[in-house]
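Bear in mind that the values in this text are calculations on the coordinates, not laboratory data. Remember, it's a predicted structure, so these values are computed and weren't measured experimentally. A quick note on method: Cβ atoms are made from the backbone with ideal geometry, for glycine too, and the neighbour counts reach across all protein chains shown.
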Amino acid sequence: MKKNLCLGFIGGGTNSTIGRMHYLASKLDNKWNLVSGFFSRNKKINLKSGDVYNVNKSRIYNSLNDFIKYESSQLDAVALLTPTPSHSKILKKLIKINIPIICEKPLINSKNQMNEVKSLFSNKNKLIRVTYNYTGYPILRELKKIIKKKKIGKIKQFFFYMPQNAFVKKTSSKIKPKIWRLNDTGYPNILGDLGSHLVQMCDFLIEKTPNKVLAKFFNHSNYKIVDNALITAKIEKDIFGQFVVSKTNPGISNGLELKIVGSKKTIFWKQIEPEKLVMFNLDGTKTILDRSSAVYEANKERYNRYKPGHPSGFLEAFANIYLDLANEIIFKKKNDYTFGLKSSQKISNFCDASIKSDKTGRWIKVK
Ligand SMILES: NC(=O)c1ccc[n+]([C@@H]2O[C@H](COP(=O)([O-])OP(=O)(O)OC[C@H]3O[C@@H](n4cnc5c(N)ncnc54)[C@H](O)[C@@H]3O)[C@@H](O)[C@H]2O)c1
């Protein structure tokens, strides 16, 4: 069996937020080699990125067309890491050449784009997967199993929060939001940027997505776009919850956290302590699970690159996704930890219903 898979990047240059993370995550378990890229439309950044990522100069391209022309037959997958508004145009080209695609979230930016990408992608196409990196945390995978085995009882309530300070940061005048993040054409940017993570986590953990939403969007910053959203949601008749996203929480870099209430236990997790799952029990006791005490998933060897008690975090969670993707491609078998068009369609439906609800002030059914 071939040992390492060959990966190419579109976008993800050293000037980007997420490129370096993909580079590092893909390398961690020695399943992928980043061998080529069109990392940036800026020639200097493109070359520098190839240099930093240790890519041979002859395989750094200055146009998407050249990248596709010379690389499509040589790669096991392409990672699409450009700003979200450019995804659909590039996806259309990649789908045509039928190469496995690993796309940063969210896949698309509007209902029309979702429909277009879906109509182009057929059973003959190899693979399209979207990286929802937070689902790579071992203890959340443990939680998924705990919920599936009904250890917390019947799910009654769910709360997913992602507050950040991106639009009110005062710490450095150099750190300004990228221009494409300040444009609400298509879905409000914050829904794709933060909201999509939360809906995906809900679907991943509970294996259900809301069927009705009541949404309200707000603007609290100087940027004239939606920068806060409060979305109350229902799953079935008596399961309710909330998604809250914000870019205007002073001092909070990333306050991702969740609470899930079951008939037997309440579960709490926050990303700042990603290895710890707190369970509140009916008798008032609290149980804390980590990799050393987990029983279904998080104790597996693949997550224990080093012993419990020695913190692992964001990079390792991202790397877990790359290992899942490699396994899927090598063994040609879908696993529970990679996400395709179906999950992006659910997120798109959730966004459509939320937009309609914000406009009308009414509960809206999610398709
Ligand atoms: N999973 C996460 O936690 C996470 C975090 C940040 C960003 N993202 C997602 O990753 C994607 C990229 O976001 P970002 O913040 O890194 O963007 P960015 O603007 O910081 O960087 C984009 C990179 O792509 C290059 N680029 C731009 N347009 C291009 C084109 N047409 N062709 C080739 N290269 C191009 C830029 O030079 C840059 O290197 C978005 O979809 C975003 O939602 C995900």
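Proximity of backbone amide H atoms, modeled 1.01 Å from N, is registered between Ala79 and Gly8, Phe9, Ile10, Ile102 at under 5 Å, excluding neighbours fewer than 5 places apart on the same chain. The base-10 log of I(q)/I(0) for segment 291-367, evaluated at q = 0.11, 0.27 Å⁻¹, reads -0.51, -1.22 [Debye formula, identical scatterers on Cα atoms, solvent excluded]. Length gained on full extension, Glu273 to Asn254, computed as 0.36 nm times the residue gap minus the Cα-Cα distance: 5.7 nm. Under the simplified labelling scheme, the Trp180-Lys208 pair shows an inter-label distance of 3.6 nm, with each label point 7 Å from Cα along Cα→Cβ. Arranged from fewest to most other beta-carbon atoms within 10 Å of their beta carbon, Val78, Val244 become Val244, Val78.
When only alpha carbons are used to place a centre, segment 212-235 and segment 149-165 end up 19 Å from one another.
Ranked for footprinting exposure by Cβ neighbours inside 10 Å, fewest first, His220, His87 give His220, His87. Going by Cα centres, segment 335-367 and segment 257-283 are how many Å apart? Cα centres, segment 335-367 to segment 257-283: 25 Å. Going from the fewest other Cβ atoms within 10 Å to the most, the residues Tyr296, Tyr306, Tyr132 appear in the order Tyr306, Tyr296, Tyr132.
A cut-off under 9 angstrom between Cβ atoms defines the neighbours of Leu282, and their net charge, with Lys, Arg +1 and Asp, Glu -1, is +1. Each semi-axis of the equivalent ellipsoid for segment 5-131 is √(5λ) with λ an eigenvalue of the Cα gyration tensor; in descending order they amount to 22, 15, 14 Å. Rounded to the nearest 0.05, the FRET efficiency derived from the C-beta distance between Asn54 and Ser263 at R0 = 45 Å is 0.30.
Pairwise Cα distances in the chain exceed 29 Å in 42 percent of cases.
Amide H to amide H distances under 5 Å link Phe158 with Phe240, Gly241, Gln242, Val261, where only residues 5 or more positions off or on other chains count and H is placed in the peptide plane.
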